[in-house]
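The next block holds one structure in the form of structure tokens; read it before the comments.
The values are calculated or read from the model by the stated rules, or taken from the named source; none is laboratory data. These numbers were taken from a predicted model, which means no experiment stands behind them. A quick note on method: Cβ atoms are made from the backbone with ideal geometry, for glycine too, and the neighbour counts reach across all protein chains shown. To get the accessible areas, we keep the full protein, side chains included, count just its heavy atoms, and leave off ligands, DNA and RNA. Shrake-Rupley method; radii C 1.70, N 1.55, O 1.52, S 1.80 Å.
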Amino acid sequence: MLSVKNIHANIDGREILKGINLDIKPGEVHAIMGPNGSGKSTLASVLAGRDEYEVTEGNVSFLGKDLLGLSTEDRAREGLFLAFQYPVEIPGVSTTNFIKAAVNEKRKYLGQEPLDAVSFLKMMKEKMALVEIDQRLLSRSINEGFSGGEKKRNEVFQMAMLEPKLAIMDETDSGLDIDALRIVAKGINKLRNPDRAVLLITHYQRLLDYIQPDYVHVLYNGRIVKSGTKELALELEEKGYDFITDEVDLTADQ
Amino acid sequence: MKEKSGTLEQAVLNEYKYGFVTDIDTDVIAKGLSEDTIRLISNKKNEPEWMLDWRLKAYNHWLKLVEPKWPNVKYPPINYQDIIYYAAPKPKKQLNSLDEADPELLATFDKLGISLNEQRRLTGVAVDVVMDSVSIATSFKKQLSEIGVIFCSISEAIQEHPELVKKYLGSVVPMTDNYFAALNSAVFTDGSFCFIPKGVRCPMELSTYFRINTENAGQFERTLIIAEEESYVSYLEGCTAPLRDENQLHAAVVELVAHTKAEIKYSTVQNWYPGDKNGLGGIYNFVTKRGMCKGDHSKISWTQVETGSAITWKYPSVILKGDHSIGEFYSVAFTNNYQQADTGTKMIHLGKNTRSRIVSKGISAGHSQNSYRGLVRAGKQATNARNYSQCDSLLLGDKCGAHTFPYIEVKNKTAIVEHEATTSKIGEDQLFYCRQRGIDAETAVALIVNGFAKEVMNQLPMEFAVEAQKLLAVSMEGSVG
Ligand SMILES: Nc1ncnc2c1ncn2[C@@H]1O[C@H](COP(=O)(O)OP(=O)(O)OP(=O)(O)O)[C@@H](O)[C@H]1O
Ligand SMILES: [Mg+2]
């Protein structure tokens, strides 16, 4: 479904991603871990199509299409979803209106009629129950004044509404209390099916207790330096990143 | 980082959709301004002596004035001798109904989206249409007159209701008020007149559509609305002009009088040609609008959606003379490319327990400059006067400017004046967030701008809210990319 080949990306002339390779098949859950500043969010942004990042080398195919050739919005409409590490506040635009616009833009792209008010409401209700989000949040301006946890939950809610093929969750677990974490995990698990894939960016093993990943990758200094199964996450939790990064730095020095 | 403001900029580059010219026989007088011009205008309109005298007095006063320089706008000197002061589509014969209007004219207004016939008749909006210097037709006149509402062109009012015109013309905006008001008083050619008798709630929206067609012609319209005791009227004006490289002057005066317990709601959707994307051409919109809450418990509410004009200079104001009277000002001003807007309001509290509310939303894109200028004054007698002002600016891109100039003068200790101001910017972060959800940049900007302007848009009469929203969307087209 997603095949990332040797991606290099710059920001302001500084190379952040230094040759990323990643293959994700339908139905799989991949986790990416790695120290702060290693390039995890950058990878997510590059896949989603943020203009500031310049891809200097490599290519990405998504559901058989050349992802980098698609506009940001078309990537989304094709089914790529990014739950932001830092969701953005948009004053004056209600969350409901925003999501409605998103849902209908996607439908338009797919050649479908816009959802009528009744069906939209029905869908909202269903997904609200799923992620246990407070209705009052949805009538407020999107993310404006939301608590950290509310923002994250709202991201999961949007994901549920948009039913993406590939969901990239950038530290959606950070800043969540235990209950919220469980609910968010439930939302993500609910989305799992043989056609869909999830890419989880996280620092914590605890999320992976709820969402069992098929693969775990360690991103360090712009490269995936180690990949493994969920046991790798446990090992990282126990030993920290040093046991991997020291080794990488050592090889780099030689 | 690549072109950071690139996305935003392209989303606001718009095409002006009303820029065509109607090829119609026009009666035009020679360019230039003198006593003779004024006599000629007055004569063409077959005006009574008193009207001509009034005009000449205004003209002689105007000669002594200098153009104001304090607005935060820049433009080359205007040559007042290079303007046509009277241009009228022929035939000038008074029409009894719109069906008699020149088909070419009707087609013009259809093209502008103002169907003078069926559509408006169905939605129940009475329309007066002013093209260049004269009123072409007024609809629903008969039905309105049955309940005592007078809705006609000001020229007709001068002929048919001279006592009302004499009594009220210049009573709110004196001919000596300011440079452009004096000029207008001297050369005004047409405009609308509304009179709502005591106790009548006008059953439909009254609306005037202003259109400049002729090249080099200035438009100087004059509108006078009088609401007698316990009456109510909602009035709307709309404006467009063809696309031209030369700047054209529009200097209107609007006067509103609200007697005891009367309410006037005045809405404007201003879409004069704004000039091209390099700042060439466009209308200079220098307008004096003022309402007088004359009686106790009266209310005047201005709502404006300003998207057009190369330069806008206008401050719809309310003089709160009656005790317990209320003044409101709701404004959305959108500027793009090289447009300049210096707009706001004046709330002059004279009576006791008077209240005013100001909500101004400025949106700037491109290289435009958008200024809010507002005065709130509470006089000595204005016990318990209250004002609340909120001025929000939204910037699209980083080459435009937003400025706020609030002036507060309070002479009564019990008066309370509150002012809040915010400036925000549509950031690339917000656009990326929207685009990641499948909402393209243009739609995203429209969504954000509509959200920003919502509070004001909600004040518009229903029939026009949709139009205004579309207009805002059209004006912004291409402002992101
Ligand atoms: N817009 C930007 N301008 C300048 N530098 C940037 C920008 N975005 C990212 N970087 C830099 O790129 C590097 C990788 O950042 P990134 O956000 O991808 O890290 P991360 O792995 O997501 O870290 P964290 O775990 O803290 O979220 C960092 O050194 C960061 O400072
Ligand atoms: Mg990150």
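In segment A:222-241, which residues are within 16 Å of A:H203 (Cβ to Cβ) and away from ligand 1 (no atom under 16 Å from the Cβ)? A:K230, A:L232, A:L234, A:E235, A:E238, A:K239, listed by residue number.
Inclusion of A:D23 among residues that are out of contact with any Phe, Trp or Tyr (no Cβ under 6 Å at 6 or more places or on another chain), away from ligand 1 (no atom under 16 Å from the Cβ) and assigned to a strand (DSSP E or B) is warranted. Consider segment A:8-40 and keep the residues that are farther than 29 Å from A:K239 by Cα and of a type in the set (A, V, I, L, M, F, W, C). The one that is modelled with the highest pLDDT is A:A9.
Does segment B:390-413 contain any residue that is open to solvent by 10 Å² or more (accessible area, probe 1.4 Å) and within 17 Å of the chain's Cα centre (by Cα)? No, there is no match, as no residue in segment B:390-413 is open to solvent by 10 Å² or more (accessible area, probe 1.4 Å) and within 17 Å of the chain's Cα centre (by Cα).
What number of residues within segment A:41-59 satisfy the criterion of being more than 20 Å from A:A76 (Cβ to Cβ) and within 8 Å of ligand 1 (Cβ to nearest atom)? Matching residues across segment A:41-59 total 0. Among the residues of segment A:161-179, those identified as more than 15 Å from ligand 1 (Cβ to nearest atom) and assigned to a strand (DSSP E or B) are A:L166, A:A167. On inspection, A:I7 fails the criterion of being within 16 Å of ligand 2 (Cβ to nearest atom) and in a strand (DSSP E or B). Here B:S42 meets each of (1) closer than 16 Å to B:L183 by Cβ; (2) open to solvent by 60 Å² or more (accessible area, probe 1.4 Å); (3) free of Cβ contacts under 8 Å to residues at least 40 places away in the same chain with one exception, condition (2).
Residues in segment A:177-211 that are open to solvent by 20 Å² or more (accessible area, probe 1.4 Å) and in contact (Cβ under 8 Å) with a residue 40 or more places away in the chain: A:K186, A:K190, A:R192, A:N193, A:P194, A:D195, A:R196, A:H203. Selection of segment A:21-60 for residues being in contact with a helix residue (DSSP H, G or I) (Cβ under 8 Å, 6 or more places away or on another chain), more than 14 Å from every other protein chain (Cβ to nearest Cβ) and open to solvent by 40 Å² or more (accessible area, probe 1.4 Å) yields only A:N59.
Let's see how each residue does on (1) away from ligand 2 (no atom under 16 Å from the Cβ); (2) under 13 Å from the mean Cα position of the chain (by Cα):
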position	(1), (2)
A:G148	no, no
A:N154	yes, no
A:M159	yes, yes
A:M169	no, yes
A:D179	yes, no
A:R182	yes, no
A:K186	yes, no
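Listed conditions (1) in contact (Cβ under 8 Å) with a residue 40 or more places away in the chain; (2) in contact with a helix residue (DSSP H, G or I) (Cβ under 8 Å, 6 or more places away or on another chain) are all met by A:R75, apart from (1). Among the residues of segment B:171-195, just one is more than 17 Å from the chain's Cα centre (by Cα), modelled with pLDDT under 95 and of a type in the set (F, W, Y), namely B:Y179. Of all the residues in segment A:90-101, those that are facing chain B (nearest Cβ under 8 Å) and surrounded by fewer than 22 Cβ atoms within 10 Å (Cβ to Cβ) number 5. List the residue pairs whose Cβ atoms are under 6 Å apart, where the first residue sits in segment B:60-88 and is more than 23 Å from B:G281 (Cβ to Cβ), the second is in a loop (DSSP other than H, G, I, E, B) and open to solvent by 20 Å² or more (accessible area, probe 1.4 Å), and the two are 6 or more positions apart or on different chains. The qualifying pairs are B:H61/B:T176.
Pairing residues of segment A:22-43 that are farther than 14 Å from A:R192 by Cα with residues that are within 9 Å of ligand 2 (Cβ to nearest atom) and open to solvent by 30 Å² or more (accessible area, probe 1.4 Å), at Cβ distances under 6 Å and at least 6 apart in sequence or on separate chains, gives A:S41/A:Q85.
Would you check if A:I211 is away from ligand 2 (no atom under 16 Å from the Cβ), more than 14 Å from chain B (Cβ to nearest Cβ) and in contact with a Leu (Cβ under 8 Å, 6 or more places away or on another chain)? Taking the combined requirement at face value, the residue satisfies it.
Scanning segment A:140-154 for residues that are within 16 Å of ligand 1 (Cβ to nearest atom) and touching a helix residue (DSSP H, G or I) at 6+ places or on another chain (Cβ under 9 Å) yields a single hit, A:K152. Under the condition of being open to solvent by 10 Å² or more (accessible area, probe 1.4 Å) and assigned to a loop (DSSP other than H, G, I, E, B), the residues counted in segment B:154-200 number 13. Residue count for segment A:180-217 under the criterion of being within 16 Å of ligand 1 (Cβ to nearest atom), modelled with pLDDT under 90 and assigned to a loop (DSSP other than H, G, I, E, B): the result is 2. From the list B:A441, B:A446, B:A453, the lone residue that is in contact with a Cys (Cβ under 9 Å, 6 or more places away or on another chain), crowded, with 20+ Cβ neighbours inside 10 Å and within 14 Å of chain A (Cβ to nearest Cβ) is B:A441. Within segment A:4-20, the set of residues being within 12 Å of ligand 1 (Cβ to nearest atom) and open to solvent by 60 Å² or more (accessible area, probe 1.4 Å) comprises A:D12, A:G13, A:R14, A:E15. With respect to the conditions (1) open to solvent by 30 Å² or more (accessible area, probe 1.4 Å); (2) within 16 Å of ligand 2 (Cβ to nearest atom), A:S139 lacks only one, and its number is (2). Look at A:L80 and say whether it is surrounded by fewer than 21 Cβ atoms within 10 Å (Cβ to Cβ), away from ligand 2 (no atom under 16 Å from the Cβ) and not hydroxyl-bearing (S, T, Y). Considered against the rule, which asks whether it is surrounded by fewer than 21 Cβ atoms within 10 Å (Cβ to Cβ), away from ligand 2 (no atom under 16 Å from the Cβ) and not hydroxyl-bearing (S, T, Y), A:L80 comes out as no.
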